[in-house]
Amino acid sequence: MAVDITTDLNVVRNIGIMAHIDAGKTTTTERILFYTGISYKIGEVHEGAATMDWMEQEQERGITITSAATTCWWKDHQINIIDTPGHVDFTVEVERSLRVLDGAVAVFDGVAGVEPQSQTVWRQANKYAVPRMCFVNKLDRTGADFYMVVDSIVDKLHATPLVLQLPIGAESDFLGVVDLIGMRALTWRGETAQGEDYVVEEIPADMADKAAEWREKLVETLAEADDDIMEVYLEEGDVFDVPTLKAAIRRATLADKLNPILTGTAFKNKGVQPLLDAIVDFLPSPIDVESIVGHDVKDEEVEVARKPSEEEPFSGLVFKIASDPHLGKLFYLRVYSGKVAAGATVVNPINGRKERIGKIYQMHANKREEIASVGAGQIVAVMGLKDTKTGHTLCDPTNPVVLESMTFPAPVIEVA
Ligand code: GDP
């Protein structure tokens, strides 16, 4: 039976995971689906057996992201992961996916640091001011150097990193991270490394000075970006509690002033749960993003803005069309404003054709869920469209708008 999905946009995160080929985008995404599969949905926490299923499935064939947009749940938040092509040849597709996501996680190889394709995608994300975090992956590899990668993020991406974690141990002895917000250690030892929760410990004594030094850097960097933090810091020093710091980090990240940096090894299941927490804590919800600005159907010069609210007229962008062996053509749609129900008639202002929305699906890693209607901020797959292509807008027939006005191909800027 078709169900209605959440309309509280505060708990929604539409994110992309971007990386140079081989940095670990697929592995990180799979691990995210693994951990979120354990705690599947509000009020529906699967225990024991479900965990086993996921682990068995994982061992058998890997949990693979096969969908252009996959929905998962983490601590009462709905995370929609939009697939971002990793290859520069798909510049147009990268740009299109950047349009429909609200925030991103850039994954880096802990040995190779910032590589050319990450530079390209990073610059494209700069163009749309997409709030971004970084995950320095593969800390278990021989030669992995977290601090080198942080430096290369500054040198090659000209980002302002906000280091939130420090690695504990290195290479095969990589144990976990120092959490500089909570000033504690999170470790994955022995059995827990197999995907269970981490252990919270005191910061190792031999890392106390380093942790204090990087905590100071964190607060100072944050103060530079946030006047409220600066004011308190100048008068009282570092008196910040965890919620205050988190709120300030969120503000600075949403304003695209800072890029929080976390670390771990997706492959060895270390660091993924804190990464999920950070996605929820620091990346935007659809209502943190300003209105989308499209243009009038008849006059490209006339701008039309749509707010991310179900009260507005319906508008959405078809960003990907995929062929499903069982269902046929699936049209991936980001809804920007209003609401639309299965069976509704909408208009495609690009060709002036009316389209009837067939079934609407929310896509999960291991199943799809039919839903009755979908509102602003959500990403779904719809069926039944006849004359709609990738990049086309669908909208309310009485209030049409054209959403996409990108010029292709976008320039690829090479960095020396
Ligand atoms: P993608 O091309 O960015 O999607 O990269 P993949 O996720 O496919 O990973 C590329 C290779 O690196 C695969 O062989 C992974 O098993 C491996 N890999 C991914 N994450 C890690 C990690 O944290 N540590 C190590 N040692 N290998 C990893």
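Take the eigenvalues of the Cα gyration tensor for the chain, scale each by 5, and report the square roots as semi-axes in whole Å, largest first. Before the final figure, lay out each step's value.
On the way: eigenvalues 268, 120, 80 Å².
Here the semi-axes work out to 37, 24, 20 Å.
Give me the Debye-computed log₁₀ of I(q)/I(0) at q = 0.15, 0.16, 0.21 Å⁻¹ for segment 274-326, equal point scatterers on Cα only, no solvent, two decimals.
-0.71, -0.76, -0.91
Can you give the FRET efficiency for residue 344 and residue 255, using 1/(1 + (r/R0)^6), R0 = 45 Å, r = Cβ-Cβ distance, to the nearest 0.05?
The value I calculate is 0.80.
Can you list, bin by bin at 10 Å, the percent of alpha carbon pairs in segment 260-407, starting at 0?
11, 36, 29, 17, 6, 0
Please give the contour-minus-distance gain from residue 227 to residue 173: 0.36 nm per residue of separation, less the Cα-Cα distance, rounded to one decimal in nm.
15.5 nm
Between residue 127 and residue 21, with labels modelled 7 Å along Cα→Cβ, what's the label distance in nm to one decimal, could you check?
About 2.1 nm separates the two model spin labels.
What does DSSP give for the chain in terms of the percent of beta bridges that are antiparallel, rounded to the nearest 5?
Details: 54 of 77 bridges.
Roughly 70 percent of the beta bridges in the chain run antiparallel, per DSSP.
At a 1.4 Å probe, what is the % contribution of carbon and sulfur to the accessible area of segment 275-357?
In segment 275-357, the share of accessible area belonging to carbon and sulfur is 45 percent.
So if each residue of separation counts as 0.36 nm, and I subtract the Cα-Cα distance between residue 300 and residue 208, what length gain in nm does that give?
Taking 0.36 nm per residue and subtracting the Cα distance, the gain is 27.3 nm.
Which length gain, in nm to one decimal place, applies between residue 199 and residue 322 when the Cα-Cα distance is subtracted from 0.36 nm times their residue separation?
40.1 nm
Tell me, what is the per residue accessible area of segment 126-202 in Å², probe radius 1.4 Å? Each step should come with its number before you reach the end.
Working: 3280 Å² over 77 residues.
With all protein chains present, segment 126-202 gives 43 Å² per residue.
Going by the alpha-carbon gyration tensor, a ≥ b ≥ c the square roots of its eigenvalues, is segment 207-283 rounded (a/c under 1.5) or, if a/c is not under 1.5, prolate (a/b greater than b/c) versus oblate?
Note, shape of segment 207-283 comes out oblate.
Compute the FRET efficiency between residue 184 and residue 158 as 1/(1 + (r/R0)^6), taking r as their Cβ-Cβ distance and R0 = 41 Å, and round to the nearest 0.05.
Values: r = 32 Å, r/R0 = 0.77.
In this case the efficiency is close to 0.85.
Which aspartates and glutamates, if any, have their Cα less than 15 Å from the Cα of residue 354, not counting same-chain residues under 8 positions apart?
Within reach: 387, 396.
Between residue 247 and residue 353, what is the FRET efficiency for a Förster distance of 51 Å, r being their Cβ-Cβ separation, to the nearest 0.05?
So the FRET efficiency works out to roughly 0.65.
Using the heavy atoms of the protein chains alone and a 1.4 angstrom probe, what is the accessible area of segment 305-407 per residue in square angstrom?
With the other protein chains kept in place, segment 305-407 gives 40 Å² per residue.
For segment 164-185 and segment 387-405, what is the separation of their C-alpha centers, rounded to whole Å?
47
Quick one: P(r) of segment 105-204 from all Cα-Cα pairs, 10 Å bins, percents rounded to integers, in order of increasing distance.
Result returned by the calculation: 15, 42, 31, 12, 0.
Quick check: pseudo-label points 7 Å beyond the Cα along Cα→Cβ at residue 386 and residue 234, how many nm apart are they?
6.6
The values are calculated or read from the model by the stated rules, or taken from the named source; none is laboratory data. Remember, predicted model here, so these are calculated numbers, not experimental data. Cβ coordinates were reconstructed from backbone atoms using ideal geometry, including for glycine residues, and neighbour counts include every protein chain displayed. Just the protein is used for accessible areas: all its heavy atoms, side chains included, with ligands, DNA and RNA removed. Shrake-Rupley method; radii C 1.70, N 1.55, O 1.52, S 1.80 Å.
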